[in-house]
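Report on the structure given below.
The values are calculated or read from the model by the stated rules, or taken from the named source; none is laboratory data. Keep in mind that this is a model prediction, so the values were computed, not measured. No Cβ is skipped: glycine too gets one built from the backbone with ideal geometry, and neighbour counts run over all protein chains shown.
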Amino acid sequence: MIWGSPLLRYPPPGGVWPAGEHRRATSAGALRRSALLFALTAMVMLVVWHVFVPAARANDTAVLRPLAQAAFASGVVALSLVLVGRYRITWLPVIAPIYTVFAGIFLAGLSLTAEARFPGVAMNTVLATGGVFGVMAMGYGSGRFTPGARFRALVFSVTGGIGLVYLAALGLALIGVRIPFIHDGGWGGILWSGFICSIAAMHLLIDLEAINRLDREPRSALMEWYAAVGLMVTLVWMYVFLLRLFQQIRR
C-alpha cells in the first residue's frame, strides 16, 4: 500500500499498530477526520480573509507585506508539523488540528496577496480546487478512476522528478540563474503549473484509495488521522498551484 501524500510514507515509523492502540481504523472514521480538518482550515481562512480583505482590495502594501511574511512563516510551520507527524504518528490527534490553523493562515495569506494583484483569482482557485476534488472523488467512487500499483509508481516517480527540478532551481538561484518556466509567466509557466496540478489530482486518487483500504486491511485507528492529514496536504498542494496557475493566466 502506498500513501497518497508525497510528504507521508506508508507504513509509518512504528508500524500500523503503535503500542497502546487497539482500535481499528475505518474509512468512515478517516473521512470524518478529513471533514473536520477541512472545516478547521476553511474557518481559519475565512477569518483571515474577513480581517484583511479590505487591505487586499485597496492594495495596501503596508498590510500585505507583513501578511505575506506571516503566510510564509505559517507555511513553514505547517510543513514542519506534517514532517513531525510523519515520524510520530501517535502525536497526530494533536498535531493535525494545529496543522490546519497554520495551513489556513498560509493559504489565506497567499490568496489575499494574489487577490490584491488579480481580483477574483482567489474565488476561482477555491472553485477549481473543489471541482477537481469532486471529479476525482466521483470518478473513484464510480470505479472509473482506480489507481493500481503501476499508476501509483508512475505518479510517485513523476513527483520525485518535480522535486528534483525544484531542488535544481533552488541551487541555480543561488548563483543567479533562473528557470523561466518555474519563476515566470507565459505559456511555459502555465503548462508547468497545469502539469503539477494534474499530478496533485492523481495524488488525490491515491489518497482516496488509501482511505478506502482502511476497511479491508487491519490498521490502527491512528491511521485515520494519518489518512486525513495526507488528504489535506494534497489539497493544500493543489490549491497553491491552482492559485499560481490562475495568476499566470491573468498576467
If I ask for residues that are on the phi < 0 side of the Ramachandran plot and either at pLDDT below 80 or under 15 Å from the mean Cα position of the chain (by Cα) (or both), which ones from the stretch 176-193 would you list? 177, 178, 179, 180, 181, 182, 183, 184, 185, 193
Within the stretch 88-109, work out how many residues are surrounded by fewer than 23 Cβ atoms within 10 Å (Cβ to Cβ) and within 11 Å of residue 45 (Cβ to Cβ). 1
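Okay, residues lined up against (1) more than 30 Å from residue 213 (Cβ to Cβ); (2) surrounded by 17 or more Cβ atoms within 10 Å (Cβ to Cβ):
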residue	(1), (2)
27	no, yes
37	no, yes
51	yes, no
57	yes, no
61	yes, no
64	yes, yes
73	yes, no
81	no, yes
84	no, no
What is the number of the single condition among (1) of a type outside the set (Gly, Ala, Ser); (2) at pLDDT 90 or above; (3) over 23 Å from residue 244 (Cβ atoms) that residue 102 does not meet? (3)
Looking at the stretch 174-192, I want the residues that are surrounded by 14 or more Cβ atoms within 10 Å (Cβ to Cβ) and among the small types (Gly, Ala, Ser) and have a partner that is modelled with pLDDT under 75 and not in a loop (DSSP other than H, G, I, E, B) with Cβ atoms under 7 Å, at least 6 apart or on another chain. Which pairs are those? 188/180; 188/181; 189/181
Among the residues of the stretch 49-73, write down those that are of a type in the set (Gly, Ala, Ser) and in contact with a Gly (Cβ under 7 Å, 6 or more places away or on another chain). 68, 70, 71
Only residues in the stretch 29-57 that are closer than 19 Å to residue 237 by Cβ and modelled with pLDDT of 95 or more count as the first member; pair them with residues that are of a type in the set (Ser, Thr, Tyr) and in a helix (DSSP H, G or I), Cβ under 6 angstrom, at least 6 apart or cross-chain, and list the lot. 37/100; 40/100; 41/100
